[in-house]
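Visitor: One structure coming up, written as structure tokens, with questions to follow.
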4 protein chains.
Amino acid sequence: MTKFKGVIPPVVTPLNADFTVDYPSYTRVLEHLIEGGCHGVFVLGSTSEVIFHDDKTRREIIEHSAKVVNGRVPLIVGVIDPTTDRVIHHADVAKRAGADAVVATAPFYTVTSQAEILDHFRFIRDAVDVPLVAYDIPVCVHVKLQRQTTVTLAREGTIIGLKDSSGDDGNFRYALLDLADQPDVFLMTGSEIVVDNALLMGAHGVVPGIANVDPHGYVRLWDAAQRGDWVAARKEQERLCRLFEIVWVAQGRVSGGASGIGGFKTAMKSLGIIDNAVMPRPRAALDEAETARINEILRATGLLRG
Amino acid sequence: MTKFKGVIPPVVTPLNADFTVDYPSYTRVLEHLIEGGCHGVFVLGSTSEVIFHDDKTRREIIEHSAKVVNGRVPLIVGVIDPTTDRVIHHADVAKRAGADAVVATAPFYTVTSQAEILDHFRFIRDAVDVPLVAYDIPVCVHVKLQRQTTVTLAREGTIIGLKDSSGDDGNFRYALLDLADQPDVFLMTGSEIVVDNALLMGAHGVVPGIANVDPHGYVRLWDAAQRGDWVAARKEQERLCRLFEIVWVAQGRVSGGASGIGGFKTAMKSLGIIDNAVMPRPRAALDEAETARINEILRATGLLRG
Amino acid sequence: MTKFKGVIPPVVTPLNADFTVDYPSYTRVLEHLIEGGCHGVFVLGSTSEVIFHDDKTRREIIEHSAKVVNGRVPLIVGVIDPTTDRVIHHADVAKRAGADAVVATAPFYTVTSQAEILDHFRFIRDAVDVPLVAYDIPVCVHVKLQRQTTVTLAREGTIIGLKDSSGDDGNFRYALLDLADQPDVFLMTGSEIVVDNALLMGAHGVVPGIANVDPHGYVRLWDAAQRGDWVAARKEQERLCRLFEIVWVAQGRVSGGASGIGGFKTAMKSLGIIDNAVMPRPRAALDEAETARINEILRATGLLRG
Amino acid sequence: MTKFKGVIPPVVTPLNADFTVDYPSYTRVLEHLIEGGCHGVFVLGSTSEVIFHDDKTRREIIEHSAKVVNGRVPLIVGVIDPTTDRVIHHADVAKRAGADAVVATAPFYTVTSQAEILDHFRFIRDAVDVPLVAYDIPVCVHVKLQRQTTVTLAREGTIIGLKDSSGDDGNFRYALLDLADQPDVFLMTGSEIVVDNALLMGAHGVVPGIANVDPHGYVRLWDAAQRGDWVAARKEQERLCRLFEIVWVAQGRVSGGASGIGGFKTAMKSLGIIDNAVMPRPRAALDEAETARINEILRATGLLRG
């Protein structure tokens, strides 16, 4: 099991004005990422606004993704819902629809202990024979996957890896150290503005949302790190940090989630990758002034001409 | 619209060993509550472990509830899921299956602003023509319905009422004061250990989980308050507070959610109301020692003989 | 030990333009409270902005208070600082300067366990022979005095009582129930907008900041509760809730702390109780528009004429 | 102003059994750090347990430190207390006692806005003419110094730098980027388990508590980073991460603060640097089993023989 590694963006889900998935645009997003050199794609994650989609749409998105990706890179699929059995259902659908691995969070809405989280992942893995990745995202589920939880699940073979979006890079480092003797374990970070750091620590993969806008930047950063050129890695990361400022352009007027993914979609529309920057209800789309500010950032970081 | 008022317990959902709903036990729970004098029932709330049930089970629970209740008291139905359109789907199903009103929380998993929460409830109400109650439960959704949000939604007619499980009784009082001129608005509290207080403040309804164990106590408390006998109301509430200690018996060994609802189920089994105290995965059921301790509390509060 | 009970406001500390204490105004505040019928005064609490004062000023405030109060009502003194030995120093000073009891919080700045909190209060009580009250104020110290902590300290005689400003009225009720067999224990609430509730639950005292503005209202509320007239108690509390809205007038422009105590001071200046509404650095004072809004509220609640 | 840079440990304050400062041990700690190659010392920080010391002891500690350090490296002094004017007093004392710079946090105990935090630092700087460093430590003061707050204070010359102990390394990176054109600004991190990362991002200094136990390790790490040998830097950091595990040995039995600094003191005693591992009240010292476990870690990381 060494097929997972590298830059694996969480794929933005473009919408039509009626909130259905805009599949022609979605296809272009996937092609943009694969042609940009990404080593995998992660669909139906938080950046994909998975939580807004009903069961039928989720299955269609997976099937469409599998058809477009067509084995060129691994297809990793989020199976995110509040409780164990509902996640098991999604994992089963994902496996049948062509997922190479599935990604589950801790339970949410309910308040959960670490012991319950351990069992949650074990029940999922027992129920569906598909590689399982744990997703640590306290900002959404309001509980942290503690170091010992992750390490136990990985050592016993329940999970093949971790997507760490907790922002706790010290804890991520300890997971890397604790599991250094486990060659098949796959630890990736969602801390997209310190990817050079994560790679210096030995991270196996990175999951940057902003790679939807600029996959080439993260691939260059990955390649620089692979050849040990940390100065180049840092320089590329710093340019990407300036690009990442698009996520705050609408903050204050709309919620952080709407501002961040709205920023991605607005930039992707400006770059001609998708047709609409529609946001799912009740999130508001960015307005004209915010779009203009995003275009300025795209120009300043070399992505938009004129 | 004055049909909603009084003691409206969130109905516990008994399970079989295979995690399916134990409908014979469930019927007994509903009869226990209605015969106990409750003025309504709230099914598919947090205490009902709604978030563990899939769409098909939710519909069956509503339909079964409607058949058993048969118009004797109002049937209020939780339509709880992370995002607007998924809630709209549940509200539509609930309406068709016989709900007198539906109860929705703020969005969760996503991080949401108060402006988005306002729109969330408006979209739900616009989509489904059924009375809508806002459910303020920050411990689960990690955002508070601010006073102005509730008041705006009530004044414009988007919601008919509020179920306040935030524990912020000062804020609840301001909602009561701000909406005192709205005779149709229905404000109920989930703060089940200070129900005498809530009624003194003028609350229209109370939603005590522990009423699954002892409905008569809360009905006595309600009646005492209605006749202005606050000393009796307090005395009854204090007995119920001693009963409420069952929710902490297993705390530490299992999570707070598992300990609380597990405590309810264990007590209900001891009292012969339900057949099993099975908990949905990954929650663990209470063990023998914990059950013995719960039985002691039932005896001390006069609910169990011997 | 039954001398502590009733309405015991936390005394606002008026300042001169140079940030020294305005003692003539301060004297008038104390007289206003005592003449208004208050049963005690709590100086150097959070509302007194104790944390802004240096050691010398604290001692002067206590000595001045003792002289003005002159035994007419109990003088309770806050001894608030981050760590045990610094609190012991303040307690010793307070005792010598005439305090009838001292009030200490859990340690802050440091992260503390409940076991350390227990020892913290024991060390204080062992070091200084003065009645000690525990102050539960998580919004300032970021740790809650758990029910068991309070009950243990009261039962063993370390503390004579509690000032509960946690807003967790359910927990406060359990403290009342758990300590109902301890006639000398004195439990008071800082939840000033639900004082009728606290008294219905059996609270022995109340510590309302807004009583600096309107002591008579809280005394009427207390008296109504003592004679069991809960309808009158509620009605008085509701008027006080409308008055309490002054604490939010400046919120948004300044921090919550500055808005709240700034609101008190501004109202007290409008009512002629103090000469200046100066706030300690870096808190900003309320501006003209905010003052006008506060005066409107004072008129609407019957405190200001014209 | 380029004299501040490099490894600047927060100096542990050893105590006698009677809780007074053990100055002979303290002198050895300072010598251990300076002889170990550290580029500065930071006394009276959180690791120094500053918040436990009274004014007199603080002054003595600064004076003693100045005498021992004697200009060999910069002496940076924490001036930590809840409110502006109390901090100003400490800053004035520190300046007179020989501090090269002072370090202040945001206000605490009070709830503070970013605007008030800006003014807080401005008032300090206006009052005392000594270089001022902002200390971002939300775990203690419960508010974050936002990126714009730090950048504004640095650009206007109020602060000469930042000690970032927030754990938010992404935000720290933005501070580095935003202030890259300010050659005199000095940005240091307290994230002691990812120091290689911070240096790769361009941090000017690091403030590792565990350097009290092993200064040579951090100096080697710093030197590796200076010559661009990131592989060696990472390897040294990983060894130090294994050493850092001493901070969790007593966790659970005692609070996190007691476990962490207690771990440092216990290790330093085992290594013969200090005579006692006494903790200030109400913190408990580590017990024998915990000490044995710490000695194992010291052996495993090459610091203790036998």
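Computed from the coordinates by the stated procedures, all read-outs in this text should not be read as laboratory data. Values in this document were obtained by computation on a predicted structure and should not be read as measured data. All Cβ positions, even for glycine, are placed from backbone atoms using ideal geometry, and neighbour counts span all protein chains on display.
Visitor: Under the classification rounded if a/c is under 1.5, otherwise prolate if a/b is larger than b/c and oblate if not, where does the stretch D:80-188 fall, given a ≥ b ≥ c as square roots of the Cα gyration tensor eigenvalues?
Guide: Oblate is the answer for the stretch D:80-188, as a/c is 1.5 or above yet b/c matches or exceeds a/b.
Visitor: Looking only at chain B, where both bridge partners belong to it, what percent of the DSSP beta bridges are antiparallel (to the nearest 5)?
Guide: Values: 1 of 25 bridges.
Beta bridges within chain B, antiparallel portion: roughly 5 percent.
Visitor: Using each residue's phi in the stretch D:246-255, evaluate 6.51 cos²θ - 1.76 cosθ + 1.60 at θ = phi - 60° and report the 3J(HN,Hα) Karplus result to the nearest Hz, with x for Gly and Pro.
Guide: The phi angles translate into 4, 6, 9, 4, 9, 5, x, 6, 10, 5 Hz.
Visitor: Grab the residue from chain C whose Cβ hugs the C-to-A rotation axis most tightly, plus its distance in whole angstrom.
Guide: C:Gly252, 6
Visitor: From the label point of A:Val111, set 7 Å from Cα along Cα→Cβ, how far away are the matching label points in the other copies, in nm, ordered shortest to longest?
Guide: Distances between equivalent label points, in nm: 1.9, 2.0, 2.2.
Visitor: If you don't mind, another one. Students often get this wrong: which residues of the stretch B:16-38 have the backbone nitrogen under 17 Å from the point 7 angstrom along Cα-to-C-beta of B:His216?
Guide: B:29-38
Visitor: Quote to one decimal, in nm, the extra length available between D:Gln146 and D:Arg96 on full extension: 0.36 nm per residue of separation minus the C-alpha distance between them. Provide the component values of the computation, followed by the final result.
Guide: Values: separation 50, 0.36 × 50 = 18.00 nm, distance 3.09 nm.
Length difference between fully extended and current span is 14.9 nm.
Visitor: Moving to a separate point now. Given H placed on each backbone N at 1.01 Å, which residues far from D:Leu187 in sequence or on other chains put an amide H within less than 5 Å of it?
Guide: When sequence neighbours closer than 5 places are left aside, the close amide H contacts are D:Leu162, D:His204, D:Gly205.
Visitor: Across the protein assembly as shown, how large is the tail of the calculated P(r) beyond 63 Å, expressed as a percent of all Cα pairs?
Guide: Summing the P(r) of the protein assembly as shown above 63 Å gives 8 percent of all pairs.
Visitor: Kindly provide the helix-only [θ] at 222 nm of chain A, computed as the sum of -39,500 (n - 2.57) over DSSP H runs of four or more divided by all residues, to the nearest 500 deg cm²/dmol?
Guide: Numbers: 12 runs with 141 residues, N = 306.
Helix contribution divided over all residues of chain A: -14000 deg cm²/dmol.
Visitor: Sticking with this structure for a sec: Report the FRET efficiency, 1/(1 + (r/R0)^6), for A:Tyr23 and A:Asn70, where r is their Cβ-Cβ distance and R0 is 22 Å, rounded to 0.05. Write down the numbers at each step before the final one.
Guide: Details: r = 15 Å, r/R0 = 0.69.
Given R0 = 22 Å and the Cβ-Cβ separation, E is 0.90.
Visitor: Rounded to the nearest Å, what's the spacing between the alpha carbon centres of the stretch B:32-57 and the stretch C:144-172? Just the number, please.
Guide: Rounded to whole Å, the Cα centres lie 35 Å apart.
Visitor: Distance cut-off 23 Å, Cα to Cα: go down the list A:Lys67/B:Lys56; A:Lys5/A:Lys95; B:Lys56/B:Lys144; C:Lys163/C:Lys269 and report the pairs above it. Before the final figure, lay out the partial values.
Guide: Details: A:Lys67/B:Lys56 30 Å; A:Lys5/A:Lys95 20 Å; B:Lys56/B:Lys144 30 Å; C:Lys163/C:Lys269 27 Å.
Flagged as over cut-off: A:Lys67/B:Lys56; B:Lys56/B:Lys144; C:Lys163/C:Lys269.
Visitor: In nm, what does the list of distances from C:Gly202 to its counterparts in the other copies look like, shortest first, when each label sits 7 Å along Cα to Cβ?
Guide: Listed shortest first, these distances are 2.9, 5.9, 6.4 nm.
Visitor: Which percentage, to the nearest 5, of the DSSP beta bridges contained in the protein assembly as shown is antiparallel? Intermediate results must be reported in sequence, preceding the final value.
Guide: Working: 4 of 100 bridges.
Approximately 5 percent, going by the DSSP bridge assignments.
Visitor: Would you mind getting me the FRET efficiency between A:Glu31 and A:Val139? Use the beta-carbon distance for r and R0 = 25 Å, nearest 0.05.
Guide: Given R0 = 25 Å and the Cβ-Cβ separation, E is 0.25.
Visitor: Okay, moving on. Treating the point 7 Å from Cα along Cα-beta-carbon as the label, what are the nm separations from D:Asp275 to the other copies, to one decimal?
Guide: Values, ascending and in nm: 5.5, 7.4, 8.2.
Visitor: Mind checking A:254-263 for the average number of partner chain beta-carbons within 10 Å of each residue's beta-carbon?
Guide: Details: counts 3, 10, 4, 7, 6, 1, 1, 1, 0, 0.
That average works out to 3.
Visitor: Oh, and also: If r is the Cβ-Cβ distance from D:Glu156 to A:Gln251 and R0 is 22 Å, what FRET efficiency results, to the nearest 0.05?
Guide: Working: r = 24 Å, r/R0 = 1.09.
Step by step, r from the Cβ atoms, then E = 0.40.
Visitor: Once amide H atoms are placed 1.01 Å from N in the peptide plane, what residues at a sequence separation of 5 or more from B:Gly78, or on another chain, have their amide H within under 5 Å of its amide H?
Guide: Amide H neighbours of B:Gly78, under 5 Å, 5+ apart: B:Val43, B:Leu44, B:Gly45, B:Val103.
Visitor: Between D:Arg59, D:Arg122, D:Arg227, which gets the highest mean-square fluctuation from a Gaussian network model of chain D, Cα cutoff 10 Å?
Guide: Among D:Arg59, D:Arg122, D:Arg227, the largest GNM mean-square fluctuation belongs to D:Arg227.
Visitor: Hey, another quick one. Taking a ≥ b ≥ c as the square roots of the Cα gyration tensor eigenvalues, with a/c under 1.5 meaning rounded and otherwise prolate when a/b beats b/c, else oblate, which class fits the stretch A:6-229? Show your work: numbers first, answer last.
Guide: Numbers: a/c = 1.66, a/b = 1.07, b/c = 1.55.
Here the stretch A:6-229 falls in the oblate category.
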